[in-house]
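Data first, discussion second: the structure below is written as structure tokens.
The values are calculated or read from the model by the stated rules, or taken from the named source; none is laboratory data. Please read these numbers as outputs of a predicted model, since none were measured by experiment. We place every Cβ from the backbone using ideal geometry, glycine too, and count neighbours over all the protein chains shown.
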Amino acid sequence: MSNLLLLLVVLLTAVALVCAGWGFGVWLSPRSYNPLKEETYECGVPTRGRSWMQFRAGYYLFALLFLMFDVEAVFLFPWAVIANEMGMAALYTVLFFLVVLTLGLAYAWKKGALEWK
């Protein structure tokens, strides 16, 4: 079996499994249609006024900083496993990675993203 045919079989199987899962979900899910289902739900408390509100940009910056350091941890653990085998190239690579992250942290600190006002 050629590689292209194998790839096609895998892709078709993936599409078939996704469609089958979606189809079973639609087929088996309970259905009830009423106007109450379309209302906004916030922790059991009926909403008053507009449901859309604007959040401060600080929340988003804080979330991006969290993601930045979360991704750092995800990349550093596999690196630590193979660092000894790669030698000095691994050290230079991770140092460059950490310098970029430190510059991002310094920029966020300078902009005041870490201050909770």
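Take Tyr59 and tell me if it is in a helix (DSSP H, G or I), of a type in the set (Ser, Thr, Tyr), without any contact (Cβ under 8 Å) to a residue 40 or more places away in the chain and within 30 Å of Glu38 (Cβ to Cβ). Criteria met by Tyr59. Does Val45 satisfy the criteria of being modelled with pLDDT of 85 or more and of a type outside the set (Asp, Glu)? Here the answer is no, as Val45 does not meet what is asked. Being touching a helix residue (DSSP H, G or I) at 6+ places or on another chain (Cβ under 8 Å) and either in a helix (DSSP H, G or I) or surrounded by 12 or more Cβ atoms within 10 Å (Cβ to Cβ) (or both) is the requirement here; does Phe75 meet it? When the stated conditions are applied, Phe75 passes them. If we scan segment 28-36, do we find a residue that is part of a helix (DSSP H, G or I), at pLDDT 80 or above and of a type outside the set (Val, Ile, Thr)? Yes, there is a match, as at least one residue in segment 28-36 is part of a helix (DSSP H, G or I), at pLDDT 80 or above and of a type outside the set (Val, Ile, Thr).
Tell me which residues, restricted to segment 99-114, are part of a helix (DSSP H, G or I), surrounded by 10 or more Cβ atoms within 10 Å (Cβ to Cβ) and over 21 Å from the mean Cα position of the chain (by Cα).
Of everything in segment 99-114, those that are part of a helix (DSSP H, G or I), surrounded by 10 or more Cβ atoms within 10 Å (Cβ to Cβ) and over 21 Å from the mean Cα position of the chain (by Cα) turn out to be Val99, Thr102, Leu103, Ala106, Tyr107, Trp109, Lys111.
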